[in-house]
Amino acid sequence: MYIYNDFDENFVRTRVAQFRGQVERRIDGSLTEDEFKPLRLMNGLYLQLHAYMLRVAVPYGTLNPAQMRQLAYIADRWDKGYGHFTTRQNIQYNWPKLGDVPDMLEALADVGMHAIQTSGNTIRNVTADHFAGAAADEIEDPRAIAELLRQWSTDHPEFQFLPRKFKIAVTGAAEDRAVTRAHDIGLVVVRNDAGEIGYQVIVGGGLGRTPMVGKVLREFVSKADLLAYVEAIVSVYNLLGRRDNKYKARIKITLHENGIETIRDLVEERFVAIREGFNGYDQELLAEIEKSFAPPAFVTKSTDGYEAARLANPAFRSWSDTNLTAHKAPGYAIVSISIKKHGATPGDATSDQMRVMADLAEQYGHGELRISHEQNVILPHVHQSDLPAIYAALRKADLATANIGLASDIIACPGMDYCALATARSIPIAQQIATRFDELKIEHDVGPLKIKISGCINACGHHHVGHIGILGLDRAGVENYQITLGGDGTQTTTIGERAGPGFSAEEIVPAIERLVTGYLDLRSSKEETFLQTYRRLGLPPFKAILYPSEDKADAA
Amino acid sequence: MPRFTPKVVTANALLAGDAVWLTEDDRWSPLMSEAELITDEAHADLRLLQARARASEIAGPYLADARMGDDGPEPVHFREAFRTTGPSNYPHGKQVETQSRT
């Protein structure tokens with residue numbers, strides 16, 4: 001893992017001191033809210049419905065045990081004993097007091113963390129495949145380049161006032177777990193014909209009110225050229241992106257309005273102009289950073305204990321069937337810890353749970369933890385022989401839910417329970433859907449299914465790319481939930497289709513149940529997933545299931 | 001012209017960030033029921049201006065629709081109703097912190 005050097009340390013400490021002064025001046029009345037707001041947003045502090053909210057960056061979703069313990073400490077000392085993991089691999093605290101925030105940031109700085117650029121019209125926290133460095137299908141660990149991008153984008157003087165926020169995601173694997181095609185820039189590690197490693201650069205993806213799938217700007221950019229090329233993109237966007245209309249300000253609209261050819265030409269032109277300026281220092285830095293992401297010292301030992309435990313304990317077998325992913329090292333597995341217990345708030349972990357996960361990472365996981373954009377926590381490097389002990393510890397901490405990738409592994413934004421922008425609640429809907437599927441005991445039979453819920457059009461809950469997407473809206477002063485179907489956030493990214501009229505808060509859970517049980521009747525075999533069935537049959541049969549009375553009316 | 005509907009002045013307390021309402025005697029109350037229910041548009045504009053001037057106590061003041069209930073002003077929209085209680089997933093916020101404050 002990357003450890004802060006003196007420069008990083010000094011930068012973050014200086015920023016905390018600055019912000020401490022700004023908070024003091026706000027409290028003593030020398031700064032108005034209008035003056036203070038951009039300053040607090042630059043440091044990740046929002047004012048929400050019931051309280052302030054502090055959004056802490058977890059760069060490319062990677063944490064070490066000391067950092068996870070510090071997040072737990074912050075939750076206990078200055079918040080309500082829990083934290084909320086988000087779809088940008090960040091953690092949010094929902095109840096900080098304004099006067100405490102500088103101390104919280106100081107505590108973050110103690111473990112090499114910060115909340116800088118987690119808000120505002122800047123380059124946000126760079127996200128990455130949460131299985132980076134561990135996945136069997138990976139070409140290269142994408143986190144070194146993500147760290148280089150973090151260093152380059154942090155306080156970059158040219159990019160502090162972009163037309164709108166700017167999100168970058170990276171993946172080193174063919175299986176896209178980082179939703180790269182729904183980002184302003186998505187970077188996918190690829191090999192060219194000569195076998196050299198470089199990046200496919202995707203631009204202009206995004207969700208929100210105008211969802212768009214990113215387009216390939218260049219099939220191959222060499223590692224040496226990547227930073228200059230990315231800077232060229234952001235630079236072109238900075239000048240060309242619209243500032244007259246907030247809803248047309250993201251690069252996806254810039255791309256849409258100007259055409260990809262124009263953008264490509266402008267980027268190439270800018271790239272040629274600035275390339276010389278990158279005189280190799282970035283490559284020296286990258287080489288240093290890459291050393292920090294060297295794979296851990298994997299060991300070889302027997303996996304007999306794991307096999308025996310699978311045979312002896314059906315609950316363990318069920319958990320290991322759903323919550324493990326193939327690791328690149330023999331005898332190892334990637335463990336996904338579900339933060340989606342049925343009926344609980346998706347992505348919320350208590351401070352005790354954070355400490356348990358930190359301990360497990362330290363004892364069994366080569367000291368690494370990841371936060372996934374699907375709001376779960378990952379132990380990326382675990383030897384299979386240690387899985388029974390890990391499972392037992394997770395069970396004790398109420399963290400052993402066997403539902404990764406299933407119907408109850410729901411992404412949900414905070415919605416109107418916390419967020420000032422929300423138009424409806426998300427969390428209670430997620431809680432009720434998960435509880436219902438647990439009662440029905442069908443989610444293992446249903447198989448892979450991604451349900452994603454957003455409480456407003458901004459789509460933090462990624463509903464557009466959910467196999468089943470739910471969007472909460474305010475319809476004449478009542479919460480109303482629209483369903484989209486067939487969305488996909490992987491390498492075959494697809495924006496879901498709107499199924500029809502929305503449902504009330506009371507109707508939405510039965511509607512989802514009808515949809516899922518209806519799929520069981522429609523699928524051609526047990527192997528055909530919900531998404532595959534949808535792709536084969538299209539919207540009409542699902543629509544008939546969702547709106548049965550209308551169907552009858554049509555027939556009559 | 002649409003008829004003016006009754007309003008309250010509401011904001012977030014500067015230090016704690018929780019929802020507060022402006023009372024007739026110029027306190028910021030954590031209870032909506034203690035708010036001043038404003039039925040006159042010109043008076044509403046004036047009260048909002050006065051609220052904006054109190055930047056060292058609150059942030060983001062605005063006028064929210066309200067109606068008179070048994071115990072005082074009540075929310076009309078569900079968003080404002082949530083602000084009087086707190087989140088639905090935990091017993092946090094106003095639903096457990098109802099003590100009055102000035």
Exercise for the section: Inspect all residues belonging to region A:297-304 and state whether any of them is out of contact with any Gly (no Cβ under 9 Å at 6 or more places or on another chain) and surrounded by 12 or more Cβ atoms within 10 Å (Cβ to Cβ). Expected result: no
Completion exercise
Restricting region A:492-523 to residues that are in contact with a Lys or Arg (Cβ under 7 Å, 6 or more places away or on another chain) and not aliphatic (A, V, I, L, M), the one farthest from residue A:426 (Cα to Cα) turns out to be A:493
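Each row is one residue, and each column tells you yes or no for (1) at the interface with chain A (Cβ under 9 Å from one of its Cβ atoms); (2) surrounded by fewer than 19 Cβ atoms within 10 Å (Cβ to Cβ); (3) in a loop (DSSP other than H, G, I, E, B); (4) within 12 Å of the chain's Cα centre (by Cα).
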residue: B:25; (1), (2), (3), (4): no, yes, yes, no
residue: B:45; (1), (2), (3), (4): no, yes, no, no
residue: B:65; (1), (2), (3), (4): no, yes, no, yes
residue: B:97; (1), (2), (3), (4): no, yes, yes, no
Exercise for the section: At least 2 residues that are touching a residue at least 40 places away in the same chain (Cβ under 8 Å) and over 24 Å from residue A:519 (Cβ atoms) in each: list the strands (runs of 3 or more DSSP E) lying fully within region A:382-501 that qualify. Expected result: A:468-475
Practice task
Check off (1) buried (at least 16 other Cβ atoms within 10 Å of the Cβ); (2) of a type in the set (A, V, I, L, M, F, W, C); (3) within 11 Å of another protein chain (Cβ to nearest Cβ) for residue B:53 and give me the number that stays unchecked.
Solution key: (1)
Handout entry: Spans of helices (runs of 4 or more DSSP H) in region A:250-328 with at least 2 residues hydroxyl-bearing (Ser, Thr, Tyr)
Key = A:281-292, A:314-323
Exercise for the section: Would you check which residues across region A:1-55 are of a type in the set (S, T, N, Q) and either under 26 Å from the mean Cα position of the chain (by Cα) or away from chain B (no Cβ under 14 Å) (or both) and list them? Expected result: A:5, A:10, A:14, A:18, A:43, A:48
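This table checks each residue for (1) among the hydrophobic types (A, V, I, L, M, F, W, C); (2) within 14 Å of chain B (Cβ to nearest Cβ); (3) touching a Lys or Arg at 6+ places or on another chain (Cβ under 9 Å).
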position	(1), (2), (3)
A:426	no, yes, no
A:432	no, yes, no
A:437	yes, no, no
A:440	yes, no, no
A:445	no, no, yes
A:448	no, no, no
A:453	yes, yes, no
A:462	no, no, yes
A:467	no, no, yes
Exercise for the section: Kindly indicate whether residue B:90 is closer than 27 Å to residue A:426 by Cβ, among the aromatic types (Phe, Trp, Tyr), assigned to a loop (DSSP other than H, G, I, E, B) and within 12 Å of chain A (Cβ to nearest Cβ). Expected result: yes
Practice task
Name every residue in region A:521-540 that is outside any helix (DSSP H, G or I) and surrounded by 15 or more Cβ atoms within 10 Å (Cβ to Cβ), in order of residue number.
Solution key: A:523, A:528, A:529
Problem - The one condition in (1) in contact (Cβ under 8 Å) with a residue 40 or more places away in the chain; (2) assigned to a strand (DSSP E or B) that residue B:20 fails to fulfil - result: (1)
Practice task
Test residue B:59 against the stated conditions and say whether it is buried (at least 17 other Cβ atoms within 10 Å of the Cβ), modelled with pLDDT of 95 or more and farther than 21 Å from residue B:96 by Cα.
Solution key: yes
Practice task
Give region A:188-224 a look and list any residue that's farther than 22 Å from residue A:236 by Cβ, part of a strand (DSSP E or B) and among the basic types (Lys, Arg), or say none.
Solution key: A:191
Practice task
Exactly one condition in (1) touching a residue at least 40 places away in the same chain (Cβ under 8 Å); (2) more than 14 Å from chain B (Cβ to nearest Cβ) is not met by residue A:97; state its number.
Solution key: (2)
Exercise for the section: State whether the residues of region A:69-83 include one that is within 20 Å of the chain's Cα centre (by Cα), within 9 Å of another protein chain (Cβ to nearest Cβ) and surrounded by fewer than 24 Cβ atoms within 10 Å (Cβ to Cβ). Expected result: yes
Fill in the blank from the handout: Reported set for region A:339-365 where residues are more than 20 Å from the chain's Cα centre (by Cα), assigned to a loop (DSSP other than H, G, I, E, B) and buried (at least 22 other Cβ atoms within 10 Å of the Cβ) is A:365
Handout entry: Whichever residue in region B:68-87 is surrounded by 13 or more Cβ atoms within 10 Å (Cβ to Cβ) and in a strand (DSSP E or B) and, among such residues, is farthest from the other protein chains (Cβ to nearest Cβ)
Key = B:72
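The values are calculated or read from the model by the stated rules, or taken from the named source; none is laboratory data. Just so it is clear, the model here is predicted, and its values are computed rather than measured. Backbone-built Cβ (ideal geometry, glycine too); neighbour counts: all protein chains shown.
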